[in-house]
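The values are calculated or read from the model by the stated rules, or taken from the named source; none is laboratory data. Keep in mind the model is a prediction, meaning the values are calculated, not measured. Reconstructed Cβ throughout: ideal geometry from the backbone, glycine too, with neighbour counts over all protein chains shown.
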Amino acid sequence: MLKAILFDLDGTLLPMDQDTFVNAYFTEILKKFVPLGYDGKKLTKNLWEGTKAMIENDGKKTNEEVFWDLFKKDYKDLDNEKKLFDSFYENEFNEVKKSCSYDPEAKFAIKEIKNMGLRTILATNPVFPRVCTYNRLSWTGLNNEDFEYISTYENSRFCKPNPLYFQEIIEKLGLKPEECLMVGNDCNEDYSATKINIPFFLITRNIINKTNIDISTIPHGTFFDLLNYLNEIR
């Protein structure tokens, strides 16, 4: 029996071109940090290395701990660094919203799915802190109260495409794989939920399919198609 829907955020609930978003993100973060005396190339390198470390996390530490363990090799005043990053994500980061689009179907679908009595979970790759994730979520017209659980780097020990990322979530929430459906736009990161037998629905507006999976074999379409699909399988 279906009980919960796991949603990706970037490219799914929040339409975007990933490369455009990343470029806008680094533009804004360097605008803030370089005038404060940070070396732009070094900071960019550290951010990419920190992201890579989180994606490769083996679960012994949270993603937050893994990120800052790497960062402290070059930046000693971590309390100050964290305050600066939190301030960035609360303020200047909002300029990055211009690189994203808006899909009213996404907000409508969440409301309809909750009306069906299904649990809604935001399964966004947890490489950002809570403040950043909540901010990006607000750009969709939704907020943290629309979801029972939201993965962030503070509460996660794995990342997509590691299937243990999904395992960690469903264990926390007392769910079985067959009681869930993963909804996303990435045929690698989001589709990896199927490795622990969580079914997958592909949102095709901003599809990422680097491995050229035959999507004709996967339930797919718009958010309205998702609602029709849920009505068929429930």
Inside region 203-234, the number of residues satisfying the requirement of being outside any strand (DSSP E or B) and at positive phi is 1
Please report, ordered by residue number, the helices (runs of 4 or more DSSP H) entirely within region 1-98 with at least 1 residues that are surrounded by fewer than 18 Cβ atoms within 10 Å (Cβ to Cβ) and touching a strand residue (DSSP E or B) at 6+ places or on another chain (Cβ under 9 Å). 18-33
What do you reckon, is residue 92 without any contact (Cβ under 8 Å) to a residue 40 or more places away in the chain and either acidic (Asp, Glu) or under 28 Å from residue 158 (Cβ atoms) (or both)? no
Scan region 108-130 and give yes if some residue there is surrounded by fewer than 18 Cβ atoms within 10 Å (Cβ to Cβ) and either under 16 Å from the mean Cα position of the chain (by Cα) or closer than 30 Å to residue 43 by Cβ (or both), otherwise no. no
Taking the criterion of being of a type in the set (Gly, Ala, Ser), in contact (Cβ under 8 Å) with a residue 12 or more places away in the chain and closer than 14 Å to residue 96 by Cβ, would at least one residue in region 20-28 satisfy it? yes
Filter region 4-41 down to residues that are among the basic types (Lys, Arg) and assigned by TED's automatic domain parsing to the domain that holds residue 109, then give me how many there are. 0
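Listed here are the residues, each with its yes/no results for (1) among the small types (Gly, Ala, Ser); (2) over 30 Å from residue 87 (Cβ atoms); (3) assigned to a helix (DSSP H, G or I).
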residue	(1), (2), (3)
133	no, no, yes
165	no, no, yes
170	no, yes, yes
175	no, yes, no
178	no, yes, yes
198	no, yes, no
201	no, yes, no
Could you check, for region 114-121, whether at least one of its residues is outside any helix (DSSP H, G or I), under 23 Å from residue 49 (Cα atoms) and not assigned by TED's automatic domain parsing to the domain that holds residue 28? no
I want to confirm something. Restricting to region 161-191 and keeping residues that are without any contact (Cβ under 8 Å) to a residue 60 or more places away in the chain and under 13 Å from the mean Cα position of the chain (by Cα), which single residue is nearest to residue 10 (Cα to Cα)? 161
Region 164-191: number of residues that are closer than 15 Å to residue 218 by Cα and surrounded by 17 or more Cβ atoms within 10 Å (Cβ to Cβ): 10
Neighbours by Cβ (under 7 Å, 6+ apart or cross-chain): first from region 56-83, touching a residue at least 60 places away in the same chain (Cβ under 8 Å) and more than 18 Å from residue 39 (Cα to Cα); second among the polar types (S, T, N, Q) and not in a loop (DSSP other than H, G, I, E, B): 57/63
